[in-house]
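The values are calculated or read from the model by the stated rules, or taken from the named source; none is laboratory data. The shown structure was predicted, so the numbers you read here are calculated from the model rather than taken from an experiment. Here the Cβ positions follow ideal geometry from the backbone for every residue, glycine too, while neighbour counts run over all protein chains shown.
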Amino acid sequence: MTRTFSYAGSPAQIVFGAGSRSKVAEWIARAGCKRALVLSTVYQKADAEALAQEIGDLVCGVFAGAVMHKPVEVTEAAMKVVAETGADCVVSLGGGSTTGLGKAIAYRTDLTQIVVPTTYAGSEVTPILGQTEAGRKTTVRDARILPEIVIYDASLTHGLPVAMSVTSGLNAMAHAVEGLYAKDRNPISTLMALEGLRAFAKSLPVIVRTPDDATARSDALYGAWLCGSVLGTVGMALHHKICHTLGGSFDTPHAETHAVMLPHTAAFNAAAAASELTEASDFFGGSIGGGLWDFAKDIGAPLSLREFGLTEVDLDHAASIAVENPYWNPRPIDRESIRSLLQDAWEGRRPAG
Ligand code: NAD
């Protein structure tokens, strides 16, 4: 078969390596900035203050108010601090929630963003911003949203609790699995997706046994960069639609929802994208759905939607919402098949295929 594709590489600067947090000041200066506002959640405030101390004179303040779902009111509070301090860049230290706050500021101001990720969510390498206003979630894609510089330092992830490492890793892997059958996939996104899945398949079981294994932490963060880059490059499908539906309408936890749904959506789509998923299936014993479910079970991931307090009536609503304005998907969907897939995920049943 001859190849047809279109490809645009990301302009972001990636700096990867244990100890590279010490390079944040250098990269602020290289970006031509002089007044960095360091962002974090309240839980990582001490880490943000320590980083600010290390950066030294180039810091103008710390805002430790980032929260899940990026409510607009929090962005507005942070924007006040940006104005008061005269910040000319933000340094986002944390997971997708903190990165999201930095993105929301950059979307409004075009300030330079430097991200120092501490989870595997992958938001740092995408031009996508999800935010919540008056209880409604919206998603925007814009060049201003893509962070300019990402500094990956795996030593900052040694303290990421094992349960969060597992679900955050599976969240990242979901970007890669959907990237493999994306309509607009290209040879580079496929290489990144496979390499990212390989990195997580190898590292997550080690992290569960030995959370501060430096090689496994480095491999997992490398996987996060690759899987996040896939999310930033190609379109996502049914899996992301269902997870957004569950998170948006039923407030289920982000990474955990991805972890539960991934084996089910992968098995569902394998029926239509078997060849695209063959190589990835080999990392998980030859079947993508069942293999991912076994992998998730072995590393202690949540396996059922029931664990998040959803009821079967919620599944009826979720199935209806998920088929409204559906994303492109390799396998045609209908309400009945999605309802049945959700039932399997709710019960925590091992998918066939
Ligand atoms: P998170 O950023 O919400 O972090 C969860 C909690 O863990 C926070 O309290 C955080 O401070 C803490 N934490 C983070 N790293 C830690 C560490 N190393 N040690 C100890 N605690 C740590 O979680 P997340 O899963 O990274 O991000 C989820 C959010 O990101 C969701 O809102 C999701 O929609 C968004 N997201 C966006 C994109 C995108 O491209 N726009 C991609 C992926 C995720």
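Cβ contacts < 9 Å: first residue within 16 Å of residue 85 (Cβ to Cβ), restricted to the stretch 63-74; second residue away from the ligand (no atom under 11 Å from the Cβ) and acidic (Asp, Glu), any location; separation 6+ or different chain. Result? Short answer, once both residue conditions are applied: 64/49. When the residues of the stretch 35-63 are filtered to those that are of a type in the set (A, V, I, L, M, F, W, C), assigned to a helix (DSSP H, G or I) and within 14 Å of the ligand (Cβ to nearest atom), which remaining residue is farthest from residue 153 (Cα to Cα)? Only one residue tops the list, namely 42.
Run down 28, 14 and say which single residue is under 22 Å from residue 222 (Cα atoms) and at pLDDT 95 or above. Reasoning before the result, please.
On the way: 28 fails: under 22 Å from residue 222 (Cα atoms).
None of the other options fit; the residue is 14.
Against the definition (touching a Phe, Trp or Tyr at 6+ places or on another chain (Cβ under 9 Å) and more than 13 Å from the ligand (Cβ to nearest atom)), how does residue 140 come out, yes or no? Against the criterion (touching a Phe, Trp or Tyr at 6+ places or on another chain (Cβ under 9 Å) and more than 13 Å from the ligand (Cβ to nearest atom)), residue 140 does not qualify. Selection within the stretch 321-353: residues that are modelled with pLDDT under 95 and part of a helix (DSSP H, G or I). The member of this set that is nearest to residue 242 (Cα to Cα) is 322.
Per the listing 36, 29, 77, 46, the residue uniquely assigned by TED's automatic domain parsing to the domain that holds residue 106, on the phi < 0 side of the Ramachandran plot, surrounded by 20 or more Cβ atoms within 10 Å (Cβ to Cβ) and of a type in the set (Gly, Ala, Ser) is 36. Based on this model, can you work out whether residue 122 counts as within 8 Å of the ligand (Cβ to nearest atom) and closer than 19 Å to residue 64 by Cα? Judged against the criteria, residue 122 is not a match. Given the condition more than 16 Å from the chain's Cα centre (by Cα), in contact (Cβ under 8 Å) with a residue 12 or more places away in the chain and within 25 Å of residue 256 (Cβ to Cβ), answer yes or no: does some residue in the stretch 162-171 qualify? Yes, that holds for at least one residue. Scanning the stretch 249-282 for residues that are over 15 Å from the mean Cα position of the chain (by Cα) and surrounded by fewer than 19 Cβ atoms within 10 Å (Cβ to Cβ) yields 249, 250, 251, 271, 272, 274, 275, 278, 279, 282.
Annotation note: Cβ proximity below 6 Å between a residue of the stretch 300-322 that is surrounded by fewer than 16 Cβ atoms within 10 Å (Cβ to Cβ) and a residue that is among the acidic types (Asp, Glu) (sequence gap 6+ or interchain) occurs for no pair.
The combined condition, being under 15 Å from the mean Cα position of the chain (by Cα) and within 9 Å of the ligand (Cβ to nearest atom), is not fulfilled by residue 176. Would you mind stating whether residue 18 is crowded, with 19+ Cβ neighbours inside 10 Å and either touching a Cys at 6+ places or on another chain (Cβ under 7 Å) or outside any helix (DSSP H, G or I) (or both)? Criteria not met by residue 18.
Here is the figure for the stretch 64-98: residues that are under 21 Å from residue 141 (Cβ atoms), polar (S, T, N, Q), more than 7 Å from the ligand (Cβ to nearest atom) and not in a strand (DSSP E or B) total 1.
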